[in-house]
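Taken together, the values in this text are just the output of simple stated rules run on the coordinates, not laboratory data. If you're wondering where the values come from, they're calculated on a predicted model, not measured in any experiment. Heads up, the Cβs are rebuilt from the backbone with ideal geometry, glycines too, and the neighbour counts pull from every protein chain shown.
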Amino acid sequence: MQKTLMIVALCLSSLVAAESAIEPRNFNSEVQETRYRALIGELRCTVCQNEPLESSNAPLAADLREMVYVQIMDGRSDFEIRQYMRDRYGDFVLYNPPLAGHTLILWAGPIVLLLIGLITGAVMIRRRRRMLAEQRQGV
């Protein structure tokens, strides 16, 4: 009975592993395959939480990988493929969105928050020193 359960468990785990594998592709050259791997690594699955196309098991990710593959085989450049994805899904599909008015907060936000923190810290330290100096003079 234990052997039967073990065999069933192994069969089920192999089915899950086979289902999660990214579909194999046939390329005309290694350059095409390298481009494909790079593109699916830098394009984000639009339904997953911050997951690249290369590791997503979502059905939409499989469709997007297929789109990338077809466009590479059609001879489109990486820029054209990225632009196609961007036109269709917006800047969210790119891990590194372009610097533009509507993405400026993504690029400048961390720097602005850091500056606010540094200025706040400097003001607090200055006030604290001033208070300590006044206390020493009053004593």
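May I ask for log10 I(q)/I(0) of region 25-98 at q = 0.12 Å⁻¹, from a Debye sum over the Cα atoms as equal point scatterers with solvent left out?
-0.27
Report the local net charge at ARG65: Lys and Arg +1, Asp and Glu -1, summed over other residues whose C-beta lies under 12 Å from its C-beta.
Around ARG65, the surrounding residues sum to -2.
Collect residues whose amide H, placed 1.01 Å from N in the peptide plane, falls under 5 Å from the amide H of CYS45; neighbours closer than 5 in sequence don't count.
Amide H to amide H, under 5 Å and 5 or more residues apart or across chains, CYS45 pairs with GLU51, LEU53.
Under 8 Å for C-alpha pairs, at least 6 residues apart: give me the relative contact order for region 25-98, rounded to a whole percent.
Once divided by the residue count of region 25-98, the mean separation gives 30 percent.
Test of the criteria: in region 38-139, which chymotrypsin sites (Phe, Trp or Tyr not before Pro) are in a DSSP loop and have at most 13 other Cβ atoms within 10 angstrom of their Cβ?
TYR95
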